[in-house]
Amino acid sequence: EAAVTQSPRNKVTVTGGNVTLSCRQTNSHNYMYWYRQDTGHGLRLIHYSYGAGNLQIGDVPDGYKATRTTQEDFFLLLELASPSQTSLYFCASSDGTGNTGQLYFGEGSKLTVL
Amino acid sequence: KTQVEQSPQSLVVRQGENCVLQCNYSVTPDNHLRWFKQDTGKGLVSLTVLVDQKDKTSNGRYSATLDKDAKHSTLHITATLLDDTATYICVVGDRGSALGRLHFGAGTQLIVIP
């Protein structure tokens with residue numbers, strides 16, 4: 001069964017704190033994505049990756065770093081968290097075949113920056 | 001500028017009633033359109049994908065249409081159930097490959113009451 005697992009599911013930190021959000025997929029997908037979801041907005045793409053060691057910049061990358069260590073694992077790093085980064089973060093994986101491809105989302109990581 | 005607009009923003013229906021959700025977009029090119037269901041606190045689950053210039057799909061009680069000339073899609077839910085309570089998100093893909101970007105609407109919150 002297709003799976004994208006995120007951790008932690010909930011995280012509270014303070015301004016300036018260091019946060020790592022983890023994502024693991026067991027779908028053998030090449031493509032992985034990090035999105036943020038804010039009330040009143042559609043999901044916005046932060047970073048994505050075509051495979052291990054590859055990193056591509058999304059639409060809202062400022063304040064975020066990412067690293068794809070293996071085909072399965074994709075991490076989102078906030079090195080100096082700010083209150084504007086309080087959001088619900090989603091990881092997704094895809095087999096990259098576009099309109100007919102598979103696209104699976106994790107259950108989200110809620111981050112609160114005080 | 002928001003390129004995918006969904007309406008209504010929220011909708012309350014009684015169990016057993018039918019409902020229609022709307023999606024208008026300005027994304028160009030518009031390769032395909034997906035509808036997702038997002039339960040509260042959960043990730044997005046794909047309901048259907050539409051590809052053709054004038055397309056129709058059916059997935060159980062969910063049916064969808066796409067008119068690329070009008071840049072408009074609808075999601076119909078027949079005989080709603082309490083479990084249909086969720087946010088429904090319209091997503092437009094601008095390419096048929098993973099090189100394309102997904103453009104997300106902010107969603108329609110559907111509440112089904114007994």
Legend entry - Solvent accessible area, Å² - A:R24, 1.4 Å probe, full protein context: 120
Inset, instruction - Run the 1.4 Å probe and let me know the accessible area of A:L88, rounded to the nearest 10 Å². - result: 50
Legend entry - 5 Å-binned pair-distance histogram of the protein assembly as shown (Cα, whole percent): 1, 7, 14, 18, 19, 16, 12, 7, 3, 1, 0
Inset, instruction - Could you work out the relative contact order of segment A:47-114, using alpha carbon pairs under 8 angstrom and six or more residues apart, expressed as a whole percent? - result: 23
Inset, instruction - Pop out the Kirkwood hydrodynamic radius of chain A from its pairwise C-alpha distances, inverse of mean 1/r, in Å to one decimal. - result: 14.0
Inset, instruction - Go ahead and set up a Gaussian network model of chain B, Cα springs under 10 Å, then flag whichever of B:D69, B:D83, B:D39 fluctuates most. - result: B:D69
Legend entry - Solvent-accessible area buried by pairing A with B, both sides, nearest 100 square angstrom, 1.4 angstrom probe: 1800
Legend entry - Other protein chain Cβ atoms within 10 Å, averaged over every residue that makes up B:37-45: 4
Inset, instruction - Let me know the charge dipole size of the protein assembly as shown about its Cα centre in debye, to the nearest 20, where only the beta-carbon of Lys, Arg (+1) and Asp, Glu (-1) is charged. - result: 200
Legend entry - B:V13, B:V49, ranked by accessible area, largest first (probe 1.4 Å): B:V49, B:V13
Legend entry - Test item: Cα-centred dipole of chain A, Lys/Arg +1 and Asp/Glu -1 on Cβ, debye: 220
Inset, instruction - Would you mind checking which residues have amide H under 5 Å from A:Q71's amide H? H placed 1.01 Å from N; only 5 or more apart, or other chain. - result: A:A52
Inset, instruction - With a probe of 1.4 Å, find how much accessible area chain A has per residue, and write the answer as a whole number in Å². - result: 46
Legend entry - Solvent-accessible surface ranking, highest first, for A:T39, B:T78 at 1.4 angstrom: A:T39, B:T78
Inset, instruction - Go through chain B and flag any cysteine with no other cysteine's C-beta closer than 4.7 Å, please. - result: B:C19
Legend entry - Cβ-derived FRET efficiency at R0 25 Å, B:K54 paired with B:R95, nearest 0.05: 0.80
Inset, instruction - Could you calculate the contour length gain from B:S26 to B:S7, that is, 0.36 nm times the residue separation minus the distance between their Cα atoms, to one decimal place in nm? - result: 5.4 nm
Legend entry - GNM flexibility winner over chain A from A:A66, A:A81, A:A92 (Cα, springs under 10 Å): A:A81
Legend entry - Furthest towards positive pole of dipole, A:L43, A:S7, A:G106, structure part chain A, Cβ charges: A:S7
Inset, instruction - Tell me which residues come under 5 Å, amide H to amide H, from B:Q15 once H is placed; ignore anything under 5 positions away on its chain. - result: B:I113
Inset, instruction - State to the nearest 20 debye the size of the charge dipole of chain B about its Cα centre, where the only charges are +1 on K and R beta carbons and -1 on D and E beta carbons. - result: 160
Legend entry - Listed residues A:W34, A:P61, A:A81: farthest to the positive end of the dipole of chain A (Cβ charges): A:A81
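In percent, what relative contact order does segment A:1-90 have, based on Cα pairs under 8 Å that are 6 or more apart in sequence?
Details: 188 pairs, mean separation 29.0, N = 90.
Once divided by the residue count of segment A:1-90, the mean separation gives 32 percent.
Largest first, what is the accessible-area ranking of A:T26, B:T40 with a 1.4 Å probe?
The most accessible residue leads, giving B:T40, A:T26.
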Legend entry - Shielding of A:25-36 by partner chains, average beta-carbon count, 10 Å: 1
Legend entry - Inter-chain Cβ neighbour average for residues A:37-46, partner chain, 10 Å: 5
Legend entry - Formal net charge of residues neighbouring A:F90 (Cβ-Cβ distance under 12 Å; K, R +1; D, E -1): +3
Legend entry - Apportionment of accessible area to carbon and sulfur, the protein assembly as shown, percent (1.4 Å): 50
Inset, instruction - For B:K37, list the lysines whose Cα falls under 28 Å from its own Cα; do not include residues on the same chain fewer than 8 positions away. - result: A:K11, A:K110, B:K1, B:K54, B:K56, B:K68, B:K71
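The values are calculated or read from the model by the stated rules, or taken from the named source; none is laboratory data. This is a predicted model, so every value here is computed, not measured. Please note: Cβ atoms are built from the backbone with ideal geometry, for glycine as well, and neighbour counts cover all protein chains shown. The protein model used for the area step is the full one, side chains on, heavy atoms only, and it has no ligands, DNA or RNA in it. Shrake-Rupley method; radii C 1.70, N 1.55, O 1.52, S 1.80 Å.
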